[in-house]
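Novice: Let me give you the structure first, and then I'll get to my questions.
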Amino acid sequence: MSEQSRSTGRIRGTGSRRRKPSGRHRAKVVAAWTVAGVVVVGGAGLGYAYLALDGNLSSVDIDAKLGADRPDDVDDGSQDILVLGSDSRSGDNGEYGQDEGGARSDTAMVVHVDKGHKSASVVSIPRDTLIERPACESDTTGDPVPAAHRAMFNTAYEVGGPACAVKTVESMSGIRMDHYLEVDFTGFKKLIDELGGVEITTKTAIDDSKSHLSLEPGTHTLNGEQSLGLVRTRKSVGDGSDLGRIQLQQAFIKALMQQTKSVGVFSSPKKLYGLADAATKAITTDSGLGSVTKLTGFANGLKGLGADNVHMVTLPVEYDPADPNRVLPQEKAGRQVWAALKNDRPIPASATEKSAGDKGDAAKVVE
């Protein structure tokens, strides 16, 4: 079976599908931004809990797996983080369906935090983007995995796990990833519930049978299950495509960031511990963030970020003429995006103005 045919997703909202997508695994990435705001346990009277929270964390030694064949590690104070969500149905995630082969990176974002840690740029990479995947190593068997032409982006995680996903993004961007965060959507739901929900305002009604979410226009406080439904919603917003769903997710992330900033977690050690416990259970990190002490330091460095200084775009893409279910990177525009991140500059609006990923009105559904 080809790399391309193994994907369960579809880009366009019209036409027939090869396979029925599960459509239930889009939420886990959005919890990653919340981690920065709620795992700052130092100085809050919770030192006794460090050992327990450390036991929640899972980590991967990306540096050891990739070795020296990587972009230069530029130490200018900025940070680049690959935030990934896999579609595994193991454990508690089984309620959202069964695994269809290996787990894939269903959602991916490259987060660039500027050297002053006052602003950030987020680049979403559509899962169905056809790319040149570099040679990797299987994270289960250790066997070599050959490079692939016109491979689906989300197959990198499938064949080689986190290290291959990082290597693929570094190959695409020419930027070394400082950190890796993978988020589990069962943990995401619990984290949202610990936060007390996320307030969003819908400008139009949402009634999506696939995500089981029904909302009238207006302001709502969504619990974990409803939030999961929102970021899985596709059919009832915009043009019904996965690209439109990315826009909806980006709008939700900003609402989530605002909620995290507004919750008075430090006034209640019990609430703070509950949030930290949920957050550390929800994620897998690189070894550089693989302890509460390290994660706390990382989170402290992001405290100055607010939703208003986070600029979110989708990697510039166009529909593949050979297959409308797939997208191709727009090479010139993509180089502009990656160059902006590499040089710690804002992404120019011209880089995304002709991208299929920035068309549509799904982002206007939520504010």
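The values are calculated or read from the model by the stated rules, or taken from the named source; none is laboratory data. All of these numbers come straight from a predicted model, not from anything done at the bench. Methodologically, a virtual Cβ is constructed for each residue, glycine included, from the backbone with ideal geometry; neighbour enumeration extends over all protein chains shown. Heavy atoms of the whole protein, side chains included, go into the accessibility calculation; ligands, DNA and RNA do not. Shrake-Rupley method; radii C 1.70, N 1.55, O 1.52, S 1.80 Å.
Novice: Kindly indicate the residue of region 155-200 that is at pLDDT below 95 and among the acidic types (D, E) and also most open to solvent (accessible area, probe 1.4 Å) among those meeting that condition.
Specialist: E199
Novice: Looking at region 91-116, which of its residues are over 19 Å from the mean Cα position of the chain (by Cα) and at pLDDT below 90? Break it down stepwise before answering.
Specialist: Kept after step one, since they are over 19 Å from the mean Cα position of the chain (by Cα), are these residues of region 91-116: 91-92, 94-95, 97-101, 115-116.
Passing the criteria: G91, D92, G94, E95, G97, Q98, D99, E100, G101.
Novice: Right, next: Out of everything in region 308-319 that is open to solvent by 10 Å² or more (accessible area, probe 1.4 Å) and not aromatic (F, W, Y), what residue ends up being nearest to I131 (Cα to Cα)?
Specialist: E318
Novice: Sticking with this one: Would you check if K203 is at negative phi, open to solvent by 10 Å² or more (accessible area, probe 1.4 Å) and at pLDDT below 85?
Specialist: No; evaluated as a whole, the condition is false for this residue.
Novice: Condition first: open to solvent by 10 Å² or more (accessible area, probe 1.4 Å) and assigned to a strand (DSSP E or B). Now tell me which residues in region 216-237 satisfy that.
Specialist: Result: G218, T219, H220, T221.
Residues checked against (1) in a strand (DSSP E or B); (2) of a type in the set (S, T, Y):
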residue	(1), (2)
R127	no, no
L130	yes, no
T140	no, yes
Y157	no, yes
P162	no, no
M172	no, no
M177	no, no
K189	no, no
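Novice: Answer with yes or no whether A356 is under 17 Å from I131 (Cβ atoms) and at pLDDT below 95.
Specialist: yes
Novice: Also, I was wondering about something else. If we scan region 323-333, do we find a residue that is surrounded by fewer than 18 Cβ atoms within 10 Å (Cβ to Cβ), part of a strand (DSSP E or B), within 18 Å of the chain's Cα centre (by Cα) and not basic (K, R)?
Specialist: no
Novice: Say whether the condition of being β-branched (V, I, T), modelled with pLDDT under 85 and either open to solvent by 20 Å² or more (accessible area, probe 1.4 Å) or part of a helix (DSSP H, G or I) (or both) is met by at least one residue in region 248-261.
Specialist: Yes: one or more hits.
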